[in-house]
Amino acid sequence: MSAQQQDILIEQGSTTTILWELQNKSLETGYTFAAKLRGQHSSSAVILSITSFTAAKVGPHTHVTAVIAKATTEGLPAPYMGVYDLEATKTADSTVTRESEGSFFVTPESTK
């Protein structure tokens, strides 16, 4: 099954919660997650690396959540647009699957 498409909005200078609802998946236990945000797919520069997630089973889906602190978002370039993907690693055998991908947008803050 291919990765789900989801775009992300990050507000510079604000605590941001990102929720991925992985359809018909049971990934709440036995998996770790990682996401990297880059300006473009071919870029070696990482704008943001997310490694802290919570996962919970909600009906037939898994909700994967990441919280990005204000101190982190205020350091992001804005306005900015790029790409990301979210990968799940099965801890039992280190199998990696791309669960979600898309664009991200950082909107600039004016209250500093």
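The values are calculated or read from the model by the stated rules, or taken from the named source; none is laboratory data. For clarity, every value in this text was computed on a predicted model and none was experimentally measured. Neighbour counts run over all protein chains shown; Cβ positions are idealised from the backbone, glycine included. Please note that ligands, DNA and RNA were not included when accessible areas were found on the heavy atoms of the full protein model with its side chains. Shrake-Rupley method; radii C 1.70, N 1.55, O 1.52, S 1.80 Å.
Cross-link candidates for residue 36: which aspartates and glutamates have Cα within less than 14 Å, leaving aside residues fewer than 8 places away along the same chain?
Straight-distance partners of residue 36: 7, 85, 87, 99, 101.
List the residues whose amide H sits under 5 Å from the amide H of residue 74, counting only those 5 or more places along or on another chain, with H placed 1.01 Å from N in the peptide plane.
13, 14
Among the aspartates and glutamates, which fall within straight-line cross-link reach of residue 112, defined as a Cα-Cα distance under 13 Å, with same-chain neighbours fewer than 8 residues apart omitted?
Residue 112 reaches 11, 74.
About its Cα centre, how strong a charge dipole does the range 20-112 have in debye, to the nearest 20, once Lys and Arg get +1 and Asp and Glu get -1 at the Cβ?
100
Return the carbon/sulfur percentage of the accessible area of the chain, one whole number, probe 1.4 Å, all protein chains in place.
It is 50 percent, rounded to a whole number.
Non-local amide H neighbours of residue 8 (under 5 Å, H modeled in plane, Pro and chain starts lacking H): which ones?
Long-range HN contacts for residue 8: 103, 104, 105.
Would you mind working out the accessible area per residue for the range 42-103, using a 1.4 Å probe, and quoting it in Å²?
Heavy-atom accessible area per residue stands at 53 Å².
Mind listing the long-range amide H neighbours of residue 85? Cut-off is under 5 Å, sequence gap 5 or more, other chains count too, H placed in the peptide plane at 1.01 Å from N.
Placed amide hydrogens put 36 under 5 Å from residue 85.
Using θ = phi - 60° and the Karplus form 6.51 cos²θ - 1.76 cosθ + 1.60, what ³J(HN,Hα) does each residue of the range 56-66 get, whole Hz, x for Gly and Pro?
The phi angles translate into 9, 7, 10, x, x, 10, 10, 9, 10, 10, 10 Hz.
Is it possible to state the helix-based mean residue ellipticity at 222 nm for the chain, with each DSSP H run of 4+ residues giving -39500 (n - 2.57), the sum divided by total residues, to the nearest 500 deg cm²/dmol? What is it?
-500 deg cm²/dmol
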